[in-house]
C-alpha cells in the first residue's frame with residue numbers, strides 16, 4: 001500500500017456546548033480541517049460516532065454531515081466501534097487512501113452527549129446488553145472491576161490511580177480545546193464522589209460534546225500542496241470478547257496487546273521508539289493498563305509509573321496524554337479517536353505550545369471501545 | 001424492553017442453560033453457534049452450577065435511570081464452580097461487606113422492569129453463600 | 001398414602017421493627033408489641049416479589065423431595081400480591097425450575113387463604129390419581145396501608161409443598177373447608193392497599209371460620225386436641241392464633257413451634273403454610289399436626305397431617321425456617337422500608 005499522510009486538522013472545543021447541535025459541531029471541525037489542509041475538495045468522508053441515535057435521535061450521520069458540510073454527492077459513511085469510533089473512522093480513511101481508491105479523505109468523529117439522553121444507559125450499549133448491562137452494570141462499573149482486579153493482583157494503589165488524573169489535568173490545563181483547564185490534586189481525586197468503587201468522579205472522563213476532523217491524503221497530494229505532512233506508519237485494529245467476564249485475564253486488555261503488536265510490526269518500531277502516546281484513559285485505570293499493554297511498562301507496574309511521573313511531559317520517558325487525555329480534554333465518544341490523532345499531528349509538527357514534547361518525531365494513538373472489546377492503534381511519524 | 005427479546009433469554013436467565021462444545025468441552029454461556037475455543041459448531045445443553053466465587057466486583061453508585069432507585073448495589077464477576085464466569089448483581093448485602101474471593105450462590109430475582117406498566121424481568125443474582 | 005413429599009419455606013433477609021413503624025406514626029409501641037405480640041416483620045428486598053419467593057421456597061421443596069421437576073403435573077401459587085394483575089405467576093416459576101411445559105398452572109387469590117387453597121387442590125389432584133405430583137404454594141409480599149394497623153404485620157415470605165404418593169413425609173389424613181360471605185377485609189381492583197372492618201375481622205370472621213373448620217375437622221377425624229403434637233392457625237397477629245388455639249383446647253406448647261408471627265409478621269397467603277414448614281423442620285415420625293388457615297372474605301381450610309418416617313431424611317436437605325427467621329437479618333429504618341415497599345411517589 002502507498003504512503004498516507006495527515007495534512008490538516010480541526011476540532012471544536014470539547015465541553016458542554018449548549019448552543020450548538022451535532023451538525024454544527026461536526027461541520028465546524030470539518031471546515032477547520034479542510035481549511036487547515038488547504039484542499040479545495042474531498043473525495044469522501046467518514047463520520048465516527050458511537051450512539052447518535054440514542055443521544056440525539058439521529059442516525060445516518062454520513063449523509064447528514066455530507067449534506068450540511070456541502071459536499072454531496074461524495075461518498076459519506078458513518079463508522080461505529082463504540083468509543084473507538086473515531087479511531088476506526090481515521091483507519092477507514094487511511095485504508096481508502098492507502099488502497100489508491102481516493103486521494104483526499106476526511107476522517108471525522110463527533111458526539112453530542114448533553115442533549116438530555118440517559119448517558120449511562122447509552123454508553124452501556126457498548127457492553128453485552130443481555131449479559132452485562134441487564135444486571136445494571138455501568139461503564140464506570142466495568143472499569144472499576146478491572147481496577148479492583150488490578151489492585152488485588154498487582155498491588156496497584158488508590159494514589160496511583162489518582163496520579164493519572166492529576167497528570168492529565170495538568171496537561172489539559174495547557175490545552176485550549178480541553179473541557180477542563182484546571183489542575184486537580186491527588187487529594188481532590190481521592191475525595192471526589194464515589195461512582196463505582198473504587199473509581200471516583202475524578203477517575204472518570206466527563207460527558208462531553210465535541211467534534212474532530214483530519215484530512216488524510218496521499219503523499220503525492222501532500223507534495224503538491226507543499227504542506228508539512230505527518231506520515232501514518234501503522235494502522236492496526238483488534239477485537240476481543242464483548243463481555244469483560246469472558247476474558248482470559250481481567251487485568252489485561254488483549255485487544256490492546258494484539259493491536260499494539262501489529263502496529264509495532266507494521267511501523268518497524270518498538271515501544272522505546274515512541275516519543276509520546278495518546279491512550280484511551282476513559283478511566284484512570286484504563287491509562288494504567290494501556291501503558292502496560294502497549295509495552296511501555298511491565299505488566300503490573302503501570303500504576304507505579306504514573307505515580308513516579310514517568311508518563312509526564314517533563315520526564316520524557318514516555319509522555320502519555322499530553323492533550324490532557326479523555327480525562328481532562330473531554331470524551332465526546334465518537335470524536336475522541338480523531339482528537340487523539342490531532343494531538344499527534346500538532347506535537348509532531350512542533351505546534352503543541354505549552355504541552356510540546358521537545359523533538360517529538362514519532363507518536364502513537366490508542367483508541368478503545370467498550371471495556372476493551374475494540375482497540376484501534378495508529379503510529380504517526382514526522383517526515 | 002421488547003418482550004420477544006426478554007423471552008428469548010429465559011433459558012439462560014432462569015435456568016443457567018449453557019452449551020458445552022462436543023469437540024473440546026468448552027462451556028459457553030450464553031450458548032453460541034461457534035465454540036470460541038476450538039471453533040467447532042456442535043454443542044450439548046448443560047446447566048451451570050449455581051455456586052461460585054467473586055472474582056472482582058464494584059458497587060454501582062451512579063446507575064442508568066432504570067436502576068437509579070436501587071443504588072448503591074454490588075455487581076461482580078462470579079466464577080461458577082464449573083469455571084464459567086458471569087456478571088451478576090450481588091444482592092442482600094451491605095456493599096462494604098463485599099470482598100474478592102467470597103463464596104456466592106445464584107438466586108432467582110427480579111432484575112429489572114420495563115417501566116411502570118411493562119413486563120417484569122427476572123433472572124439470576126448472587127447472594128453470599 | 002397421599003401427602004407432602006417435599007416442602008420448603010423462604011423469608012427475605014430484610015426486617016423492620018414494630019417500634020420503628022410505631023415511632024413513625026406517633027403510636028405507642030407497647031400496644032403493638034405487648035398488645036398484638038408483633039415485634040418485627042420481614043420485608044421483601046427491592047428485587048423480591050411473590051414469584052421470586054415462590055421460586056426460592058419451591059426450590060427447597062424440590063431439594064427435599066428429590067423428584068424430577070418434569071413429573072409435577074400442576075403448579076398453583078396462592079397470593080394476594082401476584083406481581084401481575086393479569087398474567088399468571090406460575091408460568092415464571094415453572095420455567096425457572098424446569099417444570100413443564102406439560103403442566104397445569106393457575107394463580108389463586110383468597111386473601112390469606114390462597115396458599116392453603118393451592119395446597120388443597122394440589123393434594124386433591126394427586127389423591128384422585130390424575131397426576132403423580134402437584135405443587136401448591138402460598139407466598140406474599142403483603143401490603144398494609146401506611147399508618148394502618150396492618151402495617152405492623154404485613155410481611156413477606158412463603159412456603160411450597162409438593163404433594164405426592166411416594167416417599168410421603170407428611171400424610172394428609174383429613175381436610176375440611178368452611179366458607180361464607182363475610183366482608184371483613186378486601187381490596188378493590190386498582191386500589192393500592194387493602195381495607196378492613198376493624199374489630200369485625202375478629203369474632204365474625206377469623207374466629208368463626210377457623211372454629212367452624214377446626215371443629216368439623218376434629219369431628220371428622222375423631223381426634224381430640226391433645227392427640228396432636230403441633231397445631232398452627234393463620235397468624236394475622238400474635239394474639240389471634242393463641243386465642244383461637246385456646247378456645248379450641250390446644251395448649252401453648254402445641255402452638256409454640258408454628259407460631260412464627262411475632263418475629264416474621266403476617267405473610268398473608270404464606271402465613272399458616274410457613275408455620276407448617278417450621279413444624280415439619282422439627283417434627284418426628286408419627287407426630288400429628290393440625291392446621292387451619294383463614295382467608296378474609298371469608299373461609300378456612302383445615303388439614304390433619306401425620307408425619308412419616310421419611311421426614312428425618314429430608315429435613316436437612318434445605319434451609320430451615322428458624323434459621324431464616326433468626327439469622328442474617330438486615331434491619332431497615334422507616335425511610336428505607338418506605339423506599340423498598342415503593343411507598344414514595346417517584347417520577348416515572
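The values are calculated or read from the model by the stated rules, or taken from the named source; none is laboratory data. This is a predicted model, so every value here is computed, not measured. Positions of Cβ are backbone-derived with ideal geometry, glycine not excepted, and every protein chain shown enters the neighbour counts.
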### Task
Tell me, yes or no, whether region C:9-26 has at least one residue that is farther than 16 Å from residue C:266 by Cα, away from chain B (no Cβ under 11 Å) and assigned to a loop (DSSP other than H, G, I, E, B).
yes
#### Entry: Residue that is at the interface with chain B (Cβ under 7 Å from one of its Cβ atoms), at negative phi and out of contact with any strand residue (DSSP E or B) (no Cβ under 7 Å at 6 or more places or on another chain), where the choices are A:159, A:132, A:121
A:121
### Message
Condition check: in contact with a strand residue (DSSP E or B) (Cβ under 6 Å, 6 or more places away or on another chain) and either more than 10 Å from chain B (Cβ to nearest Cβ) or at negative phi (or both). Does residue A:198 satisfy that?
### Response
no
### Message
Just checking, does region A:187-195 include any residue being closer than 30 Å to residue A:21 by Cβ, within 14 Å of chain B (Cβ to nearest Cβ) and outside any helix (DSSP H, G or I)?
### Response
yes
### Query
Where in region A:208-306 are there helices (runs of 4 or more DSSP H), lying fully within it, with 1 or more residues that are under 16 Å from the mean Cα position of the chain (by Cα), at pLDDT 95 or above and within 14 Å of chain B (Cβ to nearest Cβ)?
A:284-293
### Query
Quick one: what pairs do we get from region A:190-213, first residue closer than 17 Å to residue B:56 by Cβ, second part of a loop (DSSP other than H, G, I, E, B), C-beta under 7 Å, 6+ apart or different chains?
A:194/B:61; A:195/B:61; A:195/B:62; A:196/A:138; A:196/B:61
### Message
Test of understanding: among C:190, C:147, C:129, which residue is assigned by TED's automatic domain parsing to the domain that holds residue C:223 and outside any strand (DSSP E or B)?
### Response
C:190
### Task
Within region B:22-34, identify whether any single residue is modelled with pLDDT under 95 and facing chain A (nearest Cβ under 8 Å), and answer yes or no.
no
### Task
Please indicate, with yes or no, whether at least one residue in region B:69-89 is within 13 Å of chain A (Cβ to nearest Cβ), in contact with a helix residue (DSSP H, G or I) (Cβ under 9 Å, 6 or more places away or on another chain) and at pLDDT below 95.
yes
### Query
List the pairs whose first member sits in region C:223-234 and is without any contact (Cβ under 8 Å) to a residue 40 or more places away in the chain, whose second member is part of a loop (DSSP other than H, G, I, E, B), and whose Cβ atoms are under 9 Å apart, counting only residues at least 6 apart or on separate chains?
C:224/C:249; C:226/C:249; C:226/C:250; C:226/C:251
#### Entry: Matching residues, region C:150-167, being in a loop (DSSP other than H, G, I, E, B) and either in the same structural domain as residue C:296 (by TED's automatic domain parsing) or surrounded by fewer than 24 Cβ atoms within 10 Å (Cβ to Cβ) (or both)
C:165, C:166, C:167
### Query
Exactly one of (1) more than 9 Å from chain A (Cβ to nearest Cβ); (2) out of contact with any helix residue (DSSP H, G or I) (no Cβ under 7 Å at 6 or more places or on another chain); (3) farther than 30 Å from residue C:336 by Cβ is unmet by residue B:53. Its number?
(3)
### Task
Answer yes if at least one residue in region C:104-116 is over 24 Å from residue B:110 (Cα atoms), touching a strand residue (DSSP E or B) at 6+ places or on another chain (Cβ under 8 Å) and crowded, with 24+ Cβ neighbours inside 10 Å, and no otherwise.
yes
### Task
Answer yes if at least one residue in region C:253-273 is free of Cβ contacts under 8 Å to residues at least 24 places away in the same chain, farther than 21 Å from residue C:66 by Cβ and part of a helix (DSSP H, G or I), and no otherwise.
yes
